[in-house]
Amino acid sequence: MDEIINRENPQKLYVQLEEIIKKKIEDKEWAVGSKIPTEEELCKIYGVSKAPVRAAILELVRQGYLMRQQGKGTFVCKRIISEGLTMHTSFRELMLEAGVSSSTKVLAQTVMMPVDDIDVKLNVPEDTHLIYVKRLRLVEDEPVLLQEAYIPHNICPQLLREDIENNSLFELIEKKYGIKITKIKDYIEVTTPAADEVKLLGLSGCSGALLLEQHFYSGDTQIMYMRSVKRPDRFRFLIELERRAA
Amino acid sequence: MSKGKVAKDVMIDVFEFPHIPYWFSIRQAIGIAKKSLLSSEKCHHPMAVLVFDEKYNLLGTLSLKDILRGLEPKFLKPTTKAQVPAEDESGLSLLWDTLFDKGAKEAAEKPVSEVMVPAKFFVQPDEPITKAAYLMVHNDLALLPVLENKKKFVGLVRIREVFDELSSSILEG
């Protein structure tokens, strides 16, 4: 029998729905490669509106359970699970080539409410005030990285007045304000940059770019969501994996 | 009458209101107004969104009425035909049908900076609320920003607190 959404449950509807879908995938009720019901069908099956259905699907796409194909539908993905290999991942800031001069241009340091799915990505209520930071990184005066960060205002209101041209957000949050970042989740993909990103990064119309989405956590609380679009020709990643002591 | 009362005595926190940057579209502002004002359990008065620049300077306010005005180009340039003459109801029904039609969806893509009410008037925290009352009445404002040193945005004065303070002395009389 199908699981049902419990409206008395304090858990958000989309979280409940996410768990139900995840279980169907893990129990192989929905096989790898199969198409899952449409958003409309899921709304009918579970008696919920489109917003929680979309949020649940989006989260499962992010976690690698589902894959969306434009105009075709949403499909169950083949997942590679590295169970038994518990890894401690230490993330290093994206590294520029050594010896080159770099600078930062602050394009915005203001406050906004979440739009699109930013509330879902940050796991905050829809009416949360967010500090919004947009910066353009330049190497030898050439734009290479466009970075947007969203931080719930109540987590670190002082960031609104900080010098973020010369300081890293990561360091300000950790060292100056003592909020220890305990986990970062990274999602890397190739993206088609939006028109303003093409313009700011000086990309040619048809070129792709690298998209890095990062979710920063302090304990169980997500404290920042960062979206970075990079010129693929000027960056390389350094991701160091260390096996955690048993 | 309300002797000694100044703007900072009655101002409210800016975070009582949703914030958006000026480059947001009217469509995005509608989404935020629905989520933060209409669906909220908190009672917002007046129902308005604050519009900021990229350095967190207040640029203006956007009420639900301003959004409607922005969606319908005919509201931006009111014609005499839009003024409801009672004797011409048959013709009017045709006119009403043309409002908030296809053009409204296109208009929703405009930036909010085109339809907000610019923040031209303000008071400083230590200025009397009578000055706030004067500015709000003369300029038909529901909200008046409070700026420290004419620069730092520290709060908002609403007509309800100004009314409450100034009218009390009448009743006490």
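The values are calculated or read from the model by the stated rules, or taken from the named source; none is laboratory data. Everything numeric in this text was worked out from a predicted model, so none of it was measured. Cβ atoms come from the backbone with ideal geometry, glycine included; neighbour counts cover every protein chain shown. Quick note on the areas: whole protein, heavy atoms, side chains included, nothing else; ligands and nucleic acids left out. Shrake-Rupley method; radii C 1.70, N 1.55, O 1.52, S 1.80 Å.
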Requested in this report: Specify the residue that is farthest from A:Tyr217 (Cα to Cα); the eligible residues are those in the stretch A:148-171 that are open to solvent by 10 Å² or more (accessible area, probe 1.4 Å) and away from every other protein chain (no Cβ under 14 Å).
Outcome: A:Asn166
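Quick grid of which residues meet (1) open to solvent by less than 90 Å² (accessible area, probe 1.4 Å); (2) more than 22 Å from A:Arg227 (Cα to Cα); (3) assigned by TED's automatic domain parsing to the domain that holds A:Ile188:
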{"position": "A:Glu18", "(1), (2), (3)": "yes, yes, no"}
{"position": "A:Lys24", "(1), (2), (3)": "yes, yes, no"}
{"position": "A:Glu29", "(1), (2), (3)": "no, yes, no"}
{"position": "A:Gly33", "(1), (2), (3)": "yes, yes, no"}
{"position": "A:Leu42", "(1), (2), (3)": "yes, yes, no"}
{"position": "A:Gly47", "(1), (2), (3)": "yes, yes, no"}
{"position": "A:Lys50", "(1), (2), (3)": "yes, yes, no"}
{"position": "A:Ala56", "(1), (2), (3)": "yes, no, no"}
{"position": "A:Leu66", "(1), (2), (3)": "yes, no, no"}
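Each row is one residue, and each column tells you yes or no for (1) free of Cβ contacts under 8 Å to residues at least 24 places away in the same chain; (2) under 29 Å from B:Phe100 (Cβ atoms); (3) more than 10 Å from every other protein chain (Cβ to nearest Cβ).
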| site | (1), (2), (3) |
| --- | --- |
| B:Val6 | no, no, yes |
| B:Val10 | no, no, yes |
| B:Pro18 | no, yes, no |
| B:Phe24 | no, yes, no |
| B:Ala33 | no, yes, no |
| B:Leu37 | no, yes, no |
| B:Ser40 | yes, yes, no |
| B:His45 | no, yes, yes |
| B:Asp53 | no, no, no |
Report task. Starting from the stretch A:104-127, keep only residues that are at the interface with chain B (Cβ under 9 Å from one of its Cβ atoms), then list their pairs with residues that are β-branched (Val, Ile, Thr) and assigned to a loop (DSSP other than H, G, I, E, B) whose Cβ atoms are within a distance under 9 Å, requiring at least 6 positions of separation or different chains. Result -> A:Val106/A:Ile164; A:Gln109/A:Ile164; A:Met113/A:Thr128; A:Pro114/A:Val124; A:Pro114/A:Thr128; A:Asp119/A:Thr128
Requested in this report: List every residue pair whose Cβ atoms sit under 7 Å apart, with the two residues 6 or more apart in sequence or on different chains, where the first one lies in the stretch B:151-164 and is within 10 Å of B:Ala7 (Cβ to Cβ) and the second, anywhere, is among the polar types (S, T, N, Q).
Outcome: none
Requested in this report: Working only within the stretch B:55-71, note down all residues that are within 10 Å of another protein chain (Cβ to nearest Cβ) and basic (Lys, Arg).
Outcome: B:Lys55
Query raised in the report: A:Lys176 is checked against (1) within 14 Å of chain B (Cβ to nearest Cβ); (2) more than 18 Å from the chain's Cα centre (by Cα) and fails just one. What number does that condition carry?
Result: (1)
Report summary line: Among A:Lys175, A:Lys199, the single one that is among the charged types (D, E, K, R), farther than 30 Å from B:Val14 by Cβ and in a helix (DSSP H, G or I) is A:Lys199
Query raised in the report: What are the pairs, 6+ residues apart or on separate chains, where a residue within the stretch B:115-131 that is free of Cβ contacts under 8 Å to residues at least 24 places away in the same chain and more than 21 Å from B:Gly60 (Cα to Cα) has its Cβ under 6 Å from a residue that is open to solvent by 70 Å² or more (accessible area, probe 1.4 Å) and among the hydrophobic types (A, V, I, L, M, F, W, C)?
Result: none
Query - Residues of the stretch B:95-110 satisfying the condition of being open to solvent by 40 Å² or more (accessible area, probe 1.4 Å) and in contact (Cβ under 8 Å) with a residue 60 or more places away in the chain - result: B:Glu109, B:Lys110
